[in-house]
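First up is the structure itself, then whatever we jot down about it.
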Amino acid sequence: MSDEVERHYAAPSRIDSLLANLDAMAPAGELKIADLAPLDQFHAGGLEATRQLATLAGLSAGQQVLDVGSGVGGPARFLAETYGCSVTGIDLAADYCRLAEVLTARVGLEGKATFRPANALDLPFADGTFDAVWTQHAAMNIADRPGLYREMHRVLRPGGVVALYDAVAGNGAPLFPVPWARDSSTSFLLAPDDLRDVLQQAGFTVIAWRDVSEDAKRWFANRPRSALPGLGLHLLMGSDFPSMAANFGRSVMEGRVGLLMAVARKDHA
Ligand SMILES: C[S@@+](CC[C@H](N)C(=O)[O-])C[C@H]1O[C@@H](n2cnc3c(N)ncnc32)[C@H](O)[C@@H]1O
């Protein structure tokens with residue numbers, strides 16, 4: 001299953017070609033993290049959704065944050081730069097971690113956000129390592145949600161929070177292919193109430209719960225244009241990415257898929 005998910009997201013040849021052309025597409029120097037958003041904020045709502053989740057999570061400077069399913073690192077760089085957090089990203093796709101490190105150096109955030117390949121179901125960290133766990137649009141690929149949230153709970157210190165932003169099940173199946181899956185074999189959406197139950201069973205106390213489906217509908221209806229021509233998620237996902245994104249948008253518009261942000265706290269070890 002994890003091999004299939006990794007193959008869905010990352011093709012080494014696409015990452016190699018992106019890296020070879022990066023100077024032309026995203027010249028170093030005056031490059032800001034926001035310039036990379038069309039490529040590195042891989043979720044509905046883009047950078048604005050990351051800002052919204054960070055506000056909900058109430059992060060502060062110096063906190064140790066783990067980004068689970070960190071993609072090519074846009075959210076991690078945002079948290080490092082904007083909040084002064086020290087962010088560790090893990091992702092199944094080693095090629096995404098490789099690109100994430102290059103992009104991080106390009107915006108001068110080396111060492112403040114770091115990335116390593118790992119499976120969210122087997123986090124390579126000791127109990128109680130992090131002040132916050134952050135995750136956006138990765139749980140949709142993970143069937144074992146009890147196992148996922150137990151792992152997140154384990155690596156948090158008591159009092160730490162998980163901040164999540166995910167697609168949830170609505171009134172029907174998503175229209176495949178969507179950005180996270182070509183078909184139903186790697187797509188595991190939970191209904192909001194079931195998600196809340198699984199979080200609570202893992203030991204979390206839910207402290208914020210926000211249905212952001214309407215925000216996502218507005219974003220899909222009026223997606224911002226890339227400031228750097230040519231930079232976009234098709235570079236990671238291939239030429240059929242526009243149809244995946246369109247299907248995601250239609251699935252949200254039709255209520256088949258919802259979008260949810262939540263923050264939940266680990267009260268006890
Ligand atoms: C849609 S992307 C989102 C990336 C990033 N969170 C963002 O919002 O920009 C989903 C990411 O989750 C990762 N992922 C999926 N299942 C995973 C797992 N079991 N362990 C670690 N990463 C996983 C994928 O490799 C992919 O990079």
When the range 215-268 is checked residue by residue, the ones that are in a loop (DSSP other than H, G, I, E, B), among the small types (Gly, Ala, Ser) and out of contact with any Gly (no Cβ under 7 Å at 6 or more places or on another chain) are Ala227, Gly230, Gly232, Gly238, Ser239
Only one of (1) of a type in the set (D, E, K, R); (2) more than 9 Å from the ligand (Cβ to nearest atom); (3) surrounded by fewer than 24 Cβ atoms within 10 Å (Cβ to Cβ) does not apply to Asp122, and that is (2)
Being of a type in the set (A, V, I, L, M), within 23 Å of Ala26 (Cβ to Cβ), touching a helix residue (DSSP H, G or I) at 6+ places or on another chain (Cβ under 9 Å) and modelled with pLDDT of 95 or more is true for just one of Leu109, Leu123, Leu92. Which residue is that?
Leu109
State whether the residues of the range 160-171 include one that is under 25 Å from Ala37 (Cβ atoms) and in a helix (DSSP H, G or I).
no
Polar (S, T, N, Q) and surrounded by 16 or more Cβ atoms within 10 Å (Cβ to Cβ): is that true of Ser243 in this structure?
no
Out of Pro179, Pro174, Pro192, sole residue that is modelled with pLDDT of 95 or more and surrounded by fewer than 19 Cβ atoms within 10 Å (Cβ to Cβ)
Pro192
Given Val168, Val162, which one is touching a strand residue (DSSP E or B) at 6+ places or on another chain (Cβ under 9 Å), β-branched (Val, Ile, Thr), surrounded by 23 or more Cβ atoms within 10 Å (Cβ to Cβ) and within 23 Å of Gln52 (Cα to Cα)?
Val162
Where Phe176 falls short, out of the listed (1) among the aromatic types (Phe, Trp, Tyr); (2) within 23 Å of Ala113 (Cα to Cα); (3) not in a strand (DSSP E or B):
(2)
Among the residues of the range 220-269, how many are touching a Ser or Thr at 6+ places or on another chain (Cβ under 9 Å) and either over 27 Å from Tyr149 (Cα atoms) or of a type in the set (Val, Ile, Thr) (or both)?
4
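The values are calculated or read from the model by the stated rules, or taken from the named source; none is laboratory data. Here the structure is a predicted model, which means the values were calculated and not measured. A quick note on method: Cβ atoms are made from the backbone with ideal geometry, for glycine too, and the neighbour counts reach across all protein chains shown.
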